[in-house]
Amino acid sequence: MTVPSDADARRAVAPVICYPNDTLPKPDLGLYQQALARSKPIETVYAAPRDACTFQVPAGSFFRITSVEGPQVGDLNLWHANDLSERFYSGKTRALHGTHVTRGDRLWSTFPNLRPMATIVEDSLSWYGIDPFGGAVHDVIGTRCDPYTGNLLAGSQYHHCCHSNLTRALADATGLSLNEAESNVHDVLNVFMCTGFTRDTGQYFMKASPVRPGDFLTFFAEIDLLGALSACPGGDCSAQHSSDVATCHPLRVDVLIPPKSALEGWSAPALNAYDRSHGR
């Protein structure tokens with residue numbers, strides 16, 4: 001391989017942000033916080049270790065994911081409660097907000113809707129920031145542990161990875177067959193997971209999550225939501241995933257409803273206004 005004479009100059013070109021987000025509509029976090037303070041829990045469900053749960057959240061309400069018993073990572077899927085084709089779009093969320101999300105960031109839905117599904121209003125791990133390894137918490141870069149990659153790399157037949165957990169949970173919640181449900185399972189928000197990319201090879205890494213019992217992540221539902229949360233078989237993801245070796249703990253999901261008067265002036269986001277003509 002011949003290194004060009006201007007290699008250093010090419011590397012020194014300054015980067016440009018692909019999607020400057022200063023024109024994104026800003027969530028009214030003050031309004032959301034006030035509404036959250038007046039909210040009452042109406043449902044609590046648990047994702048058992050190496051399994052998943054589902055929950056529904058009406059637009060204008062909240063859901064909170066909390067660590068209980070011990071450090072545990074969760075994989076979150078979201079759909080429009082009445083239309084599974086509108087689902088969480090982790091790639092566009094990553095492009096708009098970055099590789100990891102926290103308070104004030106939003107989870108965006110797939111094309112052609114491309115609108116906020118949920119807004120993060122509380123994050124007890126926001127103090128973590130970016131560590132010396134380049135790791136941060138709550139990533140939208142990992143795709144969820146799955147049996148297909150496990151089989152590809154190790155010849156395994158493991159059934160309690162997050163992909164399979166989410167598939168079973170969605171099938172049970174909707175009455176879909178496993179095959180039908182699986183086609184609606186999608187890339188996740190890795191709740192509480194600490195991840196990044198190695199600086200020498202650019203590989204996706206995980207490390208022990210800083211989450212502890214009592215830590216939480218709270219979302220405001222911008223539209224009617226169906227959610228599914230898997231308690232990852234990797235536990236705190238300090239060593240491995242897709243196995244029965246790691247110590248795992250449950251995760252709790254609380255759905256909280258504010259009084260209607262608490263959200264005066266708020267309305268659900270409209271569908272994306274692109275005309276869908278695609279140049280024709």
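Some points to look at:
- Computed from backbone phi, the HN-Hα couplings of the range 45-59 come to 10, 10, 8, 5, x, 6, 8, 9, 10, 10, 7, 10, 10, x, 3 Hz, rounded to whole numbers (Karplus: 6.51 cos²θ - 1.76 cosθ + 1.60, θ = phi - 60°; Gly and Pro given as x).
- Overall, the range 234-280 carries a charge dipole of about 280 debye about its Cα centre when +1 sits on the Cβ of Lys and Arg and -1 on the Cβ of Asp and Glu, all other atoms neutral.
- By the rule of a second cysteine Cβ within less than 4.7 angstrom, the chain holds isolated cysteines at 18, 53, 162, 194, 232, 237, 248.
- Positive-end residue, the chain charge dipole about Cα centroid, Cβ charges, pick of 116, 149, 177: 116
- Gained length - residue 40 relative to residue 208, 0.36 nm times residue gap less alpha-carbon distance: 57.2 nm
- Taken one residue at a time, the phi angles of the range 226-241 give Karplus couplings (6.51, -1.76, 1.60, θ = phi - 60°) of 10, x, 9, 10, 9, 7, 4, x, x, x, 8, 6, 7, 9, 7, 9 Hz. Gly and Pro are set to x.
- Formal net charge of residues neighbouring residue 205 (Cβ-Cβ distance under 13 Å; K, R +1; D, E -1): -1
- Cut-off 17 Å, label 7 Å out along Cα→Cβ of residue 31, residues of the range 52-93 by amide N: 59-62
- Using C-alpha pairs under 8 Å with a sequence gap of at least 6, the mean separation divided by the residue count of the chain gives a relative contact order of 35 percent.
- About the Cα centre, charge dipole magnitude for the range 123-280 (Lys/Arg +1, Asp/Glu -1 at Cβ), debye: 120 debye
- Its Cα centre serving as origin, the range 19-81 has a Cβ charge dipole (Lys and Arg +1, Asp and Glu -1) of approximately 200 debye.
- Where labels lie 7 Å past Cα in the beta-carbon direction, separation of residue 9 and residue 179 in nm: 5.9 nm
- Evaluating 6.51 cos²θ - 1.76 cosθ + 1.60 at θ = phi - 60° for every residue in the range 257-263, the Karplus couplings come out as 10, x, x, 4, 5, 6, 10 Hz, glycine and proline recorded as x.
Rule-based calculations on the coordinates, nothing more; no lab input. Values in this document were obtained by computation on a predicted structure and should not be read as measured data. Ideal geometry is used to build each Cβ from the backbone, glycine not excepted, and the neighbour counts take in all protein chains shown.
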